[in-house]
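Data first, discussion second: the structure below is written as structure tokens.
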Amino acid sequence: MQHLWLIPTLPLAGFLVNGLAGRRASKTFVNAVAIGSVFLAFLWTVKTLFALAPLETPHIERYFTWIASGDLRIGFDFAVDRLSAVMLMVVTGVGLLIHIYAAGYMAHEGGYYRFFAFLNLFMFFMLVLVLAANYLLLFVGWEGVGLCSYLLIGFYFLRKSAADAGKKAFIVNRIGDFGFSLAVFLIFVAFGTLDFGQVFAKAASLPVEHTAGLLTAVCLLLMLGAAGKSAQVPLYVWLPDAMEGPTPVSALIHAATMVTAGVYMVARSATLFTRAPLALDVVALIGLFTAVLAASIGLVQNDIKKVFAYSTVSQLGYMFLGLGAGAFSAGIFHLVTHAFFKALLFLGAGSVIHALSGEQDLRQMGGLRSKIPVTFWTMLCAAVAIAGVPPFSGFYSKDEILLAAHHHAPWMYWVGVITAGMTAFYVFRAMFMAFFGSYRGRAHAHESPLVMTAPLMALAALSLAGGKIDVPRILEPVFPRGEAHHSPALVAISVGAGFAGIALAWLLYVVRPALAGALAERTGFLYRLLYGKYFLDEIYDALVVRPIERVSRVLLWRGMDVGLIDGAVNGAGNRAQGIGGVLRKLQSGYIRSYAVWVLAGAVLMLVTVALAGGGR
Amino acid sequence: MSQYYTATDHFVLVPAIMLALFGCAILLFDFWVFPEPKQRKWLLAFLALGEAFAGYGLWQQHTYIAGQGIAELTAFQGSLVVDGFSLFFNWMFIAAASIVALMSYRYLEVEGEHHGEYYSLILLAQCGMYFLASGADLITLFVGLELMALCFYIMVGFLRSDKRSNEAAMKYLLLGGFSSGFLAYGFSLLYGLSGSTKLSEIGVAIARRDPADPVLLLAMVTTTVGLLFKISAVPFHMWAPDAYEGAPTTVTAYLSVGSKAASIAFLLRIFLGPLASARAAWEPLLVFAAIASLTVGNLAAISQHNIKRLLAYSSISHAGYMLLGLVAGNETGIKGVAVYVLVYTFTNLGVFLVIVALRREGLVGDNIDDLAGLMHKSPGYALLMLICLLSLAGIPPTAGFIGKYYIFLSLIQAGRYVLAAAAALYVAVAIYYYFRIVRSMFMSDAEDAGAMETTFGVRVAAALTGLGTLGIGIFPEPFLRFAGQSLIR
């Protein structure tokens, strides 16, 4: 026993303490509880992993039988293998840094204790998700992080846009969860268990011909769930809106951890996916399509957080491309490096927003390089990492994915390269617009306090050097490495695309700022299409939201609710002639009439029985 | 120890002795040792001690049965029996009586009718319940029933200066006596048919008789009438709304869970014991009573404005669900009834607890409007109420879902699809009137800003009921296993 349960329980304790006592407690106390609990969880993770090393086979801890009904037997079991070990380190490590940062960022906000309580609750569910040893427990964590995401997106619930964004995230995720739960049912029907080890063993032992159809269905449904949680086409629309939440939330939940749950889940189910090649192709296609689509939208957005939100969607697409190409370890590798540099980009953006007292529009920034140098330099580290500049972290992981894609289907590689170019462009566009040129805004800029910049520096170091953590080698016991596809030419091309993107951004936003506007006007339609995000929100609205609204208004509300149910209820309840009224009349309050009823009932029963008996 | 009172007899009787002993002790101490009003908390401590000793006795029975690997332990020449069934119900009675006692203290202070007898009556009524769950003899069962009922008659009329309370007690007493007459008549016929008062011997005698024997049918019907009255099933439910509304709220809570659970135990003992072979004859009666209870209970609840009355009708409908488990008759069904009763005990206590907690000087708290804006005034209690109402309606992840799930499952397994569909349909109706309360709590503004005054006891009781309702819903496994052990073979 390594007491794995302690890892999620510590943040849960933090949530309980802050949730119950935080309202009256001082900020120092709330900080100590929230950050302290995550710090302890981090330490316990490190300790456990050292104790379990080398961890070549999964370490499973079974606590108790959770549900037993008929053939269904589900244990409350935690497991850790190298895959979950990597996830644990990312979640607790990056989570810890973001918790520290949030202490500074949220210092002047109302509902301070509520924010940290939810953040701790999120950590609890995320760690349950990662540690779960069966699909149902994973689903518990899965739903839990969704709930926390909803609560935190709508943290400023008095702002209508924030409340709406929370609802949107929740509803869109329901669609994905529907797929996921169907997949879980199907797995249970097919294999009679939900335990990871048993499901995978059974799936592996059956001949492929027998299981291909079933596994394809399971995997496609799982992918639907992953698409909801990890913001992939067609369910990505909630993530950009989710930026209404406080920036540390965007960094923790909507960049580094929760949105990668789908990637983790697919990687966890790798045994199933590799036996369903069709589903794997779908994963790759969805990933690739999402990567291009989101990157192209990111090219023209003006809200700094929106740029990074689309970037997140796009990078998640990369991860799915890696998974779909069969390079599961490459996908997870990118998940790790992305957690570093994207969390850093968001936290940096938060620092910029903090410095400018809430300004998020890139057009109102400029020239901040000298005003907030720490933020600038740390963000630059993230920018070179995401742009794939060697030898920084993004370069390694993106390279693995692109090479795997080339091996899978060369055209996917080329689309990936184009996306890499766009990625470099939009990130550096944001950087140049914010930090170069002359200052266009009015607010007085000031550097953030150390409590915020220290996590930035730590993440910057990780963004630069994180590529040296050879995640694929760590994951070898879980995902055996196929033959290596080294090709210096392909690497050079993708790096070149990145540099081209940076150069173009330099040209358009530093050397000739006027050119960007002219270009936007010249390509009017394309620009508007991108700026309007392909009008997908509007299309969804017209095709899905409004018809449902109309049906529920006309049929369910006016028809069913007002007409049928209210009618029935009013009839039964309020009118004296209704059933309720009749029953009330029977309840006269007179004992003799009650006694008569008892007698009448007895006689009725006797008559019934006598008649039935006489008939025999 | 003579042959009339063996060591086994004593072992089986210990919990009842403890309950009766402490019940009487409270009466004496109230009179002589603690005459000051402030000293009444010691009586509560006495009650706790009594429950603890009774619980210890039960625990010993529990471990003995499990340790010996035997199914049952009979005593007094087979008129008392300790088996999984009696243990299951008796544990439940201990929980119910303790929770009721915890929430009563402040309530009785506010009502101005705080007397030591109250705690004594709780224990003595529980002593009656003990015999109902453990009795295996008509006389024992009948005496147990009357002991329990007499205590309840007094407790229902405990608010001496309140007309409604007096009226409720009088109605309950008269109708209760009336129905006991039916039951006694049925029992006498059963004795006449078999020449014995032992359930097992009656069962053997009945199995040998012609199932269409008119005397047997008469005995069966009159017994059924008496039993259905006790669980307030339609058409013998008339007493329930009036008694529930008039009684002090804490007594209503005890009546709705303790008396109901004990009567269900009694009913199961009779129908699954001596009357098991006459199933063909009584099953249609129970189907009728169950459906009638669901219909009347759910539809009449819609138009109620008084929560206690609403809950009375809701408890009538829950009696209908419990009967359906018995109708299904398979193992799942009986286990389902046991789970249902357990779930209902915690959940209903939770609901009544919130109403009790609302009671203060100038606010009765039993009108739905009294709950308006509770979410803003005291979110904790509003949440407890929400959880309990969800559970009563049978919505996961609360315990009520588990209870209804097993009832429906048993009906489907028994091929009773129409009954299952009808029962499920009434869940929809039930949600409607439960959510009227929820709407009032969450959507309306508070009419008065007076905060709730609660005591430590009430808070502990709130935690227990809330944990029970959520805990059984989320981790049903140990409770299901426990209920499974309670099956009568």
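The values are calculated or read from the model by the stated rules, or taken from the named source; none is laboratory data. Everything numeric here is computed off the predicted structure, so don't read it as measured data. Note that each Cβ is placed from the backbone with ideal geometry, even for glycine, and that neighbours are counted across all protein chains shown. Accessible surface areas use protein heavy atoms only, side chains included; no ligands, DNA or RNA. Shrake-Rupley method; radii C 1.70, N 1.55, O 1.52, S 1.80 Å.
Table for the structure above
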item: Projected label distance in nm at A:Arg522 and B:Asn367, using a 7 Å step from Cα toward the beta-carbon; result: 7.7 nm
item: Exposure of B:Lys404 as accessible area (Å², to 10), given a probe of 1.4 Å and all protein chains; result: 10 Å²
item: Per-pair calculated FRET efficiency, R0 = 35 Å: B:Phe11 and A:Thr608 via Cβ, rounded to 0.05; result: 0.20
item: Residue order for A:His354, A:His446 - accessible surface, 1.4 angstrom probe, largest first; result: A:His446, A:His354
item: Euclidean distance of C-alpha centroids, the range B:1-33 and the range A:82-120, integer Å; result: 59 Å
item: Straight-distance crosslink candidates among lysines, where the alpha carbon sits under 24 Å from A:Lys533 and sequence neighbours closer than 8 are dropped; result: A:Lys160, A:Lys167, A:Lys168, A:Lys229, A:Lys305, A:Lys306, A:Lys342
item: Theoretical FRET efficiency, 1/(1+(r/R0)^6), r = Cβ-Cβ of A:Glu476 and A:Ser588, R0 56 Å, to 0.05; result: 0.10
item: Per-residue average of Cβ from other chains inside 10 Å of B:229-240; result: 4
item: Sequence-distant residues sharing a close amide H with A:Trp66 (under 5 Å, placed H); result: A:Ile74, A:Gly75, A:Phe76
item: Theoretical gain in end-to-end length, A:Thr65 to A:Val208 [0.36 nm per residue, Cα-Cα removed]; result: 48.3 nm
item: From phi via Karplus (6.51, -1.76, 1.60), per-residue ³J(HN,Hα) for the range B:400-408 in Hz, x at Gly/Pro; result: x, 4, 4, x, 5, 4, 6, 5, 5
item: Radius, Kirkwood style, for chain A when every pair of distinct Cα atoms is counted (Å); result: 26.2 Å
item: For B:423-429, mean number of other protein chain Cβ atoms within 10 Å; result: 1
item: The range A:375-481 shape via C-alpha gyration tensor axes, a/c threshold 1.5; result: oblate
item: Point-to-point label distance, B:Arg360-B:Ala66, nm (Cα→Cβ direction, 7 Å offset); result: 4.4 nm
item: Trypsin sites (Lys or Arg not before Pro) restricted to DSSP loop in the range A:450-508 with at most 14 other C-beta within 10 Å; result: A:Arg481
item: Loop-located GluC sites (Glu not before Pro) in the range A:53-134, at most 14 other Cβ atoms within 10 Å (DSSP); result: A:Glu56, A:Glu109
item: Gap separating the Cα centres of the range B:334-364 and the range A:42-75, nearest whole Å; result: 38 Å
item: Calculated FRET value between A:Tyr534 and B:Leu425, using beta carbons and R₀ = 56 Å, to 0.05; result: 0.75
item: Normalised convex hull volume, the range A:213-333, alpha-carbon set, Å³ per residue; result: 80 Å³
item: Scattering profile of the range A:68-215 at q = 0.09, 0.17, 0.19, 0.20 Å⁻¹ [log10 I(q)/I(0), Debye over alpha-carbon scatterers]; result: -0.39, -1.06, -1.20, -1.26
item: J(HN,Hα) series, the range B:237-250, from Karplus relation 6.51 cos²θ - 1.76 cosθ + 1.60, nearest Hz, glycine and proline x; result: 9, 4, 5, 4, x, 5, 5, 4, 6, x, 5, x, 4, 5
item: Shielding by other protein chains, A:241-248, mean Cβ within 10 Å; result: 0
item: Candidates per chymotrypsin sites (Phe, Trp or Tyr not before Pro) in the range A:1-74, loop by DSSP, up to 10 other Cβ within 10 Å; result: none
item: Placed amide H near B:Glu72: partners under 5 Å, 5+ positions off or other chain; result: none
item: Accessible area of the protein assembly as shown divided out per residue, in Å², using a probe of 1.4 angstrom; result: 37 Å²
item: Alpha-carbon centroids, the range B:237-307 and the range A:354-421: separation in whole Å; result: 69 Å
item: Computed accessible area, B:Asp369, all protein chains, 1.4 angstrom probe, square angstrom; result: 90 Å²
item: For the protein assembly as shown: rounded, prolate or oblate by the Cα gyration tensor [a/c cutoff 1.5]; result: prolate
item: Per-residue SASA entry for B:Tyr432, accessible area with 1.4 Å probe, Å² rounded to 10; result: 80 Å²
item: Separation in nanometres of the label points that stand 7 Å from Cα toward Cβ, at A:Glu109 and A:Leu599; result: 7.3 nm
item: Three-way shape call for chain B based on the alpha-carbon gyration tensor, with the a/c threshold at 1.5; result: oblate
item: In Hz, Karplus ³J(HN,Hα) per residue of the range A:432-446 (6.51, -1.76, 1.60; θ = phi - 60°; x = Gly, Pro); result: 5, 5, 7, 10, 10, x, 10, 5, 9, x, 10, 5, 7, 7, 9
item: Heavy-atom SASA rank of B:Thr465, A:Thr274 (probe 1.4 Å, accessible area, largest first); result: A:Thr274, B:Thr465
item: Long-range amide H partners of B:Asn367 with built H, under 5 Å; result: B:Ile307
